[in-house]
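The values are calculated or read from the model by the stated rules, or taken from the named source; none is laboratory data. Bear in mind the structure is a predicted one, so any value in this text is a computation, not a measurement. Cβ sites come from the backbone with ideal geometry, for glycine too, and all protein chains shown count toward neighbours.
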Amino acid sequence: MAESAALVELPTFKGRPGWEFTDLSELDLEVYTPAAVARDGGVGDLWSLEEPELPAGVTVTTDGDVTTVTVARNVVLEQPISLTAVQADSGTLVNQRTRIVVEEGAQAEVWEQFLSAADDLDGIFNITTELEVGDAAHLRYVCGQGLSERSFVFGAQRGTVGRDASLDWVALGFGSRSGHVLMETRLAGEGADARVTGAYATHGRQHIDFDTTQEHAAPNTTSDLAFRGVLQGRSEAVWRGNIIVDPGAQQTDAFQESRNLLLSKKAHADAIPGLEIQANDVRCTHAAAIAQIDPEQLFYLKSRGLKPDVAKRLVIEGFLAELVERFEEGPVREVLGGALERRLGLILDA
């Protein structure tokens, strides 16, 4: 037995770390031509917001494919800033880099959406996002992609949160054929807090891949991450989440969860939570669940006289409502709830 074992090679990793679940074999970068991003002309806007009148100390500048938002120290922005980036032509690769700086003591809200100019547009959309939240500052950043379901999306997004500051980050993944989005949150200052909420709703053969990190680099920091997905058809979703507690980051309180509702027998989801803890006085927990619709819930609703399709829709809406309720009553909850409801109607009626 020992002699036979010596003849067998040790197993080796054949994939690429972080990309094990996203197949890029059909992606040929050579056929896509670099092109500039457009600012209007998209289809299926995820939301429509009024353009605010920017007060002194708030600037929004665009230089080619780079958009920079700066909110000066102690300035409070009462209305959200709305940003839109559109891929105009098939066969192109576009890059969009967004940098948002909220200086010490300031407060701001920024909504950014990524769209395609046509439902059948074949392209690559590459996203880079930098969020800098200064000491005692607050930023709510809402981003969503409603790209063509023939396109690829790749993203590298990173938020840094200062001392006693807070970041409320929302991500919606509705469109695209396939891709991979990396979301990193670094709690750099003592007392920093981050709340990350993600939602996706897929159908057909779509593939969604989110890779999230909550890094606690200072003591007395908190983070709360919740992702929920609804999958129809033969679509697939991957969520890989990691909580990192650096040495010395005592009194960390971190939580992460991923829950997926499969609407068909051929839909598939992977939820992979992880912990890397290098401090001894912390509280870090995680949860993950993947399930079909509970038949007992459907039976209960149908026994009350509801038609099967109505009962199914109510169960799904209730599943997503728990995510929307993470936000206070008001415009944010209404806009996000409306976006999810429209997307749900699309995938159920397809």
- Of these, L93, L54, which one is of a type outside the set (S, T, Y), modelled with pLDDT of 95 or more and surrounded by 15 or more Cβ atoms within 10 Å (Cβ to Cβ)? L93
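The rows are residues; the columns are (1) among the basic types (K, R); (2) assigned to a strand (DSSP E or B); (3) at pLDDT 90 or above; (4) buried (at least 16 other Cβ atoms within 10 Å of the Cβ).
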{"residue": "R283", "(1), (2), (3), (4)": "yes, yes, yes, no"}
{"residue": "A288", "(1), (2), (3), (4)": "no, yes, yes, yes"}
{"residue": "L298", "(1), (2), (3), (4)": "no, no, no, yes"}
{"residue": "D309", "(1), (2), (3), (4)": "no, no, no, no"}
{"residue": "L320", "(1), (2), (3), (4)": "no, no, yes, yes"}
{"residue": "V335", "(1), (2), (3), (4)": "no, no, yes, yes"}
{"residue": "L340", "(1), (2), (3), (4)": "no, no, yes, yes"}
{"residue": "L346", "(1), (2), (3), (4)": "no, no, yes, no"}
- Task: Pick out the one residue from D211, D253 that is at pLDDT 95 or above and within 19 Å of V153 (Cα to Cα).
- Result: D211
- Among the candidates V110, V101, V86, which residue alone is surrounded by 18 or more Cβ atoms within 10 Å (Cβ to Cβ), in a strand (DSSP E or B) and touching a Gly at 6+ places or on another chain (Cβ under 7 Å)? V86
- If we scan region 161-171, do we find a residue that is crowded, with 20+ Cβ neighbours inside 10 Å, under 20 Å from R205 (Cα atoms) and among the β-branched types (V, I, T)? no
- Query: Among the residues of region 177-212, how many are of a type in the set (A, V, I, L, M, F, W, C) and part of a loop (DSSP other than H, G, I, E, B)?
  - Reply: 2
- Item | Pairs where the first residue, in region 44-61, is outside any loop (DSSP other than H, G, I, E, B) and the second is of a type in the set (S, T, N, Q) and crowded, with 16+ Cβ neighbours inside 10 Å, C-beta under 6 Å, 6+ apart | T59/T70
- Only one of (1) part of a strand (DSSP E or B); (2) within 23 Å of E53 (Cα to Cα) is not met by V94, so which one is it? (2)
- Just to be sure, is V324 closer than 13 Å to A199 by Cβ and surrounded by 13 or more Cβ atoms within 10 Å (Cβ to Cβ)? yes
- Give the residues of region 69-79 that are surrounded by fewer than 20 Cβ atoms within 10 Å (Cβ to Cβ) and either in a strand (DSSP E or B) or out of contact with any Gly (no Cβ under 7 Å at 6 or more places or on another chain) (or both), sorted by residue number. T70, V76, E78, Q79
- Search region 126-144 for residues being free of Cβ contacts under 8 Å to residues at least 60 places away in the same chain and within 15 Å of the chain's Cα centre (by Cα), and hand back the single one that is farthest from V69 (Cα to Cα). N126
- Neighbours by Cβ (under 6 Å, 6+ apart or cross-chain): first from region 189-215, touching a residue at least 60 places away in the same chain (Cβ under 8 Å); second in a strand (DSSP E or B) and of a type in the set (D, E): R195/D168; R195/D224; H207/E236
- Task: Specify which of the listed residues (D65, D122, D135) is modelled with pLDDT under 95, of a type in the set (D, E) and buried (at least 16 other Cβ atoms within 10 Å of the Cβ).
- Result: D65
- State whether the residues of region 207-217 include one that is buried (at least 24 other Cβ atoms within 10 Å of the Cβ) and of a type in the set (A, V, I, L, M). yes
- If we keep just the residues of region 133-176 that are among the hydroxyl-bearing types (S, T, Y) and outside any loop (DSSP other than H, G, I, E, B), which is farthest from L93 (Cα to Cα)? S166
- Message: The conditions are (1) more than 27 Å from R240 (Cα to Cα); (2) in contact with a Phe, Trp or Tyr (Cβ under 6 Å, 6 or more places away or on another chain), and A106 fails exactly one of them. Which is it?
- Response: (2)
